[in-house]
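Participant: Just dropping this structure here.
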Amino acid sequence: MLSFLIASIVLTLFPGPDIIYVLTQSISNGKKYGIATALGLVLGVIVHTTLIALGVSAILTQTEAIFTLIKIVGACYLLWIAYQVYRAPATIALTAKNEKKKSLFAMVKRGFLMNVLNPKVTLFFLAFFPGFIDESLGSVTQQIYVLGFLFMLQAFLIFSLVSILADKLTVVIRTNPNFTVFLKWFQIIAFVAIAVLILV
């Protein structure tokens, strides 16, 4: 669980679309809107966790070989993501559009739909979660929900902190080009390391 939590925190800190969206909402409308967006994004994880729990549990009841194959494919998927990060330029574009303010509930709903309607999240969890499951510890479904809850908790705390510190973070990102280069290689190394962890 500790290794899963550390890996989850590292992944949540990556400058992906979710954290960038939380940043832009915080910059445009204030930290309350960033936190509301973060809540919606995190709640969407429940749907993906359920899909993974049902799917992985069903596969494990069939054969361990298929489960091993899923872990290998998952590790390859993470290595592919690392390659995509390597090919991408080391830049982060932050835009703060002056949109008409929506209600906080509307921001929660938008964040939830953004997460649920993104099939890449399910694929990523399918690649990520199996490496931290131990059949000898009991119910696989229960383990996946525990991991899902841990992922949600740390993601919400980090997104909320990012919302509160949004102004300072964006200044650092915009004025320090070396910071984005560091983030790029940090992502590459972390994805490769997690892929290796899943395999072993």
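Participant: For the full complex of protein chains and a 1.4 angstrom probe, list Leu5, Leu51, Leu11 by accessible area with the highest value first.
Facilitator: Listed by decreasing accessible area, they come as Leu51, Leu5, Leu11.
Participant: Determine, for each peptide in 31-37, 82-88, the mean count of other beta carbons within 10 angstrom over its residues, then list the peptides with the highest first.
Facilitator: On the way: 31-37: 22.6, 82-88: 13.1.
Taking the mean over residues of other Cβ atoms within 10 Å, the ranking is 31-37, 82-88.
The values are calculated or read from the model by the stated rules, or taken from the named source; none is laboratory data. Note that the coordinates shown come from a computational prediction; the quantities given were computed from them, not determined experimentally. We place every Cβ from the backbone using ideal geometry, glycine too, and count neighbours over all the protein chains shown. All accessible areas refer to the heavy atoms of the entire protein, side chains included, with ligands and DNA or RNA removed. Shrake-Rupley method; radii C 1.70, N 1.55, O 1.52, S 1.80 Å.
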